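Comments concern the structure below.
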Amino acid sequence: MVVAASVVVAVGTVTGMISALDDGRDTNTARPDASGATLLVPLPDVPSVSNSTSAKASSSARPKKTAPTATVRKPRRTTVVSPRLYRHPESQVLDWVRAHPDDPRTEVIADRIADQPAAVWFADFTPATITSRVRAVTSGAAAQGRVPVVVPYAIPDRDCGGASEGGADDFDAYDEWIDDFAAGLGSGEVVVILEPDSIAQSDCLSDGQRADRFTALARAGRVLKAADPKARVYYDAGHSDWNPAGQQASLLKQAGAASAASSDGIFSNVSNFHATSAEIAYDRQVLAALGGPADLGAVIDTSRNGNGAPADGQWCDPAGRKIGRAPTLDTGEARIDGYLWVKLPGESDGCKGAAGTFTASYAYDLAR
């Protein structure tokens with residue numbers, strides 16, 4: 001993947017983050033998260049850290065406490081889990097927390113990362129089970145009265161042959177997969193992050209291939225919104241240091257992002273590090289150039305942008321990054337519909353661990 005890209009990195013054909021995989025388990029029922037939540041103050045771009053005892057948003061992910069060591073500083077909780085967004089009970093970070101109750105990093109990782117709601121990715125192309133796996137997530141969220149964030153990630157020629165290559169073999173297969181994906185959405189609220197990098201990174205395709213991709217994306221948005229009128233579908237806007245806003249808006253328009261029948265707006269900064277303020281300004285520029293209905297908005301991935309992007313442009317697990325603003329659907333910013341954790345902090349881009357796998361040392365560095 002080019003340096004400017006959002007750097008969505010997978011293990012083989014499966015991304016990291018929280019993934020709803022066809023792994024042989026019973027996925028027709030999503031285990032509910034028992035946490036309660038009271039919204040406090042959103043996290044700043046740079047998380048606060050102190051030695052004080054932190055408030056607890058949820059105990060479901062956290063093992064029995066152990067005595068802190070001198071090398072571990074507890075975070076001060078400045079927010080608790082969003083009362084609206086859904087945390088799926090299966091993820092690599094939750095697996096690690098449950099398996100390492102005595103690790104001195106566990107409480108920090110549990111408090112700052114594992115407790116937060118994050119996107120669920122569907123990146124393995126398994127048409128036979130996609131409907132039931134999507135339904136397991138959306139029904140689990142509906143049972144709690146919360147909003148899930150799902151990521152269809154199976155476009156043909158995904159990642160232009162880079163680390164996350166894969167997807168459907170052709171667009172006929174992709175269209176059928178999207179139909180089956182849509183069948184699992186149900187009738188409740190759901191946020192759909194439609195195919196990260198599929199538009200911003202389309203310059204690797206020929207004109208004909210790009211036209212076919214954009215036709216498929218426009219169709220996907222229509223199918224998803226027709227299947228669930230409460231679904232909110234967002235299209236790939238890259239990030240603030242990639243394509244100029246006018247150029248990105250032109251590409252988005254070709255992919256159906258300006259049409260109310262297929263789109264609720266755009267997303268940016270997925271798997272990247274650019275500051276929230278930069279993304280807000282950029283997204284508003286893209287939306288202004290895009291046109292379309294006045295209620296089109298944007299969502300921003302804030303999972304790892306607490307210190308902004310590194311000056312040297314490094315995208316692969318760069319040092320010195322921190323988690324960003326907590327996930328929320330109430331930003332207080334005009335045309336910014338949400339801050340989301342699309343890339344789950346601690347899942348490597350491929351430098352501090354195998355691509356797409358959870359790396360505790362990386363998670364701890366981001367969270368402390």
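Where a number appears in this text, it was derived from the coordinates with a stated rule and is not lab data. Treat the numbers as computed from the prediction; the structure is a model and nothing was measured. Glycine gets a Cβ as well: all are built from the backbone with ideal geometry, and neighbour counts include every protein chain shown.
Please report the net charge: other residues with Cβ closer than 10 Å to the Cβ of ALA183, K and R +1, D and E -1. Here the charged neighbours net out to -2. Between the amide H of LEU194 and those of TYR234, distances stay under 5 Å, these residues lying 5 or more places away or on another chain, with hydrogens modeled in the peptide plane. For the stretch 183-321, the Kirkwood radius over C-alpha pairs fed into Stokes-Einstein at 25 °C and 0.890 mPa s yields D = 160 µm² per second.
The order of the peptides 291-297, 163-169, 239-245, 145-151 by mean Cβ neighbours within 10 Å, most packed first, is 145-151, 239-245, 163-169, 291-297. Along its principal axes, the stretch 197-249 has C-alpha extents of 32, 26, 15 angstrom, given from the largest down. Applying the Kirkwood pairwise sum to the alpha-carbon positions of the stretch 284-342 produces a hydrodynamic radius of 13.0 angstrom. As a rough guide to protection, the peptides 333-342, 221-230 ranked by mean Cβ packing within 10 Å, highest first, stand as 333-342, 221-230. From the alpha carbon centroid of the stretch 332-368 to that of the stretch 92-147 is 13 Å. Taking every alpha-carbon pair in the stretch 97-195 and binning the separations at 10 Å intervals from zero gives 15, 36, 28, 18, 3 percent.
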